[in-house]
Amino acid sequence: MGLNSFGILYRFSSWGESHGKAIGVVLDGVPAGIHLSLEMIQNLLHRRRPGLSVYTSSRKESDEFELLSGLVDGITTGAPLSFLVKNEDVKSNAYQEFLGVYRPGHADYAWDKKYGIWDPHGGGRASARETVARVIAGAVAMQILPPSVVISARVVQVGEYQDPDEIQEAILKAKQRGDSLGGLVEVVATGVPTGLGEPVYEKLDARIAYAMMSIPAAKCVEIGSGRNCVSMQGSQHNDEMDDNGFLSNHAGGILGGVSTGQPLVVRVSFKPTASIFLPQKTVDNRGNPVCLKLKGRHDPCVAYRAPVIVESMLAVVLADFFLIARTRRL
């Protein structure tokens, strides 16, 4: 299983599985001389942690990291930064009774056909547990970017609900039914320098879409007006300008694959959690019919914990293009 890395100049490589001993990440391309805030990294990991509320998985992980290399007296040396986060609350016995059974909505079938083997314990490498590595990479990326860049994401919709109280109520009801819900996360980045992005095949919006779609359970990415653009006319969608700048931001801060200095606006749709506690029809790896009812600990709505992951992946993309931009002019 190759291609476990993301990025060009600022690049991270992750390893580890949901029920393995640990999750790890190596960050390459971090400039020397950065006073790295380890507290900031831990704070972002804390936001991603499961078990913090009734709206998430009951799995308990401290997600405290160990930094193995690349830092001297709190300052980056330019060498790779290596991080380790141990898995502390693994309960693989919940998966024993359906070993060899393809779980609907999971990677099991596709990965078995590709590799001839798959790890069913918590989803293995396909699990969102891997996003621990993304959050670490994002936290460091935020410290590479200029202080003017501010990235913030939030859940804007779950199921048919947009009100925060109704969202939480809907998640609880789905959890009580043994079912799950999808959700929509919006991330906005302000203070982004003009000129980030590399036409034509490394456009900023193309790389953002790639980054977001690599997040487990992501099914759709919109930038700016997104899907609404199909019902608009050019006279409505074009962002007109005056001597003070743009009069609107339907483009979402990107034109021609390059940042305009306007706020970047990105929305990511997440499917309902594949692991549900209702009976489902499936087959095992020999083709025998099975009525499957899962056990274990699962998020009733994966989108609920996704904002910090979305923020992190956007930060990685922006930091990468920020470093690339510094090589384009002397």
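Numbers for the structure displayed
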{"item": "Neighbours by Cβ (under 7 Å, 6+ apart or cross-chain): first from the range 164-177, over 14 Å from Arg154 (Cα atoms); second exposed (fewer than 13 other Cβ atoms within 10 Å of the Cβ) and at pLDDT below 95", "result": "Leu172/Val54"}
{"item": "Residues located in the range 280-304, provided they are outside any loop (DSSP other than H, G, I, E, B) and among the basic types (Lys, Arg)", "result": "Lys281"}
{"item": "Search result, residues across the range 125-184 that are over 26 Å from Ser58 (Cβ atoms), of a type in the set (Gly, Ala, Ser) and surrounded by fewer than 20 Cβ atoms within 10 Å (Cβ to Cβ)", "result": "Ser148, Ser152"}
{"item": "Looking only at the range 265-279, and only at residues there that are out of contact with any helix residue (DSSP H, G or I) (no Cβ under 7 Å at 6 or more places or on another chain) and in a strand (DSSP E or B), the one that is surrounded by the most Cβ atoms within 10 Å (Cβ to Cβ)", "result": "Val265"}
{"item": "Test: residue in the range 226-249 that is crowded, with 22+ Cβ neighbours inside 10 Å and modelled with pLDDT of 95 or more", "result": "no"}
{"item": "Neighbours by Cβ (under 7 Å, 6+ apart or cross-chain): first from the range 248-270, on the phi > 0 side of the Ramachandran plot and without any contact (Cβ under 8 Å) to a residue 60 or more places away in the chain; second of a type in the set (Val, Ile, Thr) and surrounded by fewer than 23 Cβ atoms within 10 Å (Cβ to Cβ)", "result": "Gly252/Ile223; Gly252/Val265"}
{"item": "Residues that are among the polar types (S, T, N, Q) and either farther than 17 Å from Asn43 by Cβ or more than 25 Å from the chain's Cα centre (by Cα) (or both), drawn from the range 58-78", "result": "Ser58, Ser69, Thr76, Thr77"}
{"item": "Qualifying residue in the range 16-34 (condition: surrounded by fewer than 17 Cβ atoms within 10 Å (Cβ to Cβ) and without any contact (Cβ under 8 Å) to a residue 40 or more places away in the chain)", "result": "no"}
{"item": "Qualifying positions in the range 205-247 - farther than 16 Å from Arg267 by Cβ and in contact with an Asp or Glu (Cβ under 8 Å, 6 or more places away or on another chain)", "result": "Arg207, Pro216, Phe246, Leu247"}
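Let's see how each residue does on (1) among the polar types (S, T, N, Q); (2) in a helix (DSSP H, G or I); (3) over 23 Å from Pro216 (Cα atoms):
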position	(1), (2), (3)
Ser148	yes, no, yes
Ser152	yes, no, no
Glu166	no, yes, yes
Glu169	no, yes, yes
Leu172	no, yes, no
Gln176	yes, yes, yes
Leu181	no, no, no
Val185	no, no, no
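The values are calculated or read from the model by the stated rules, or taken from the named source; none is laboratory data. Note that this is a predicted model, so its numbers are computed, not measured. In this analysis, Cβ positions are derived from the backbone assuming ideal geometry, glycine residues included, and neighbour counts consider all displayed protein chains.
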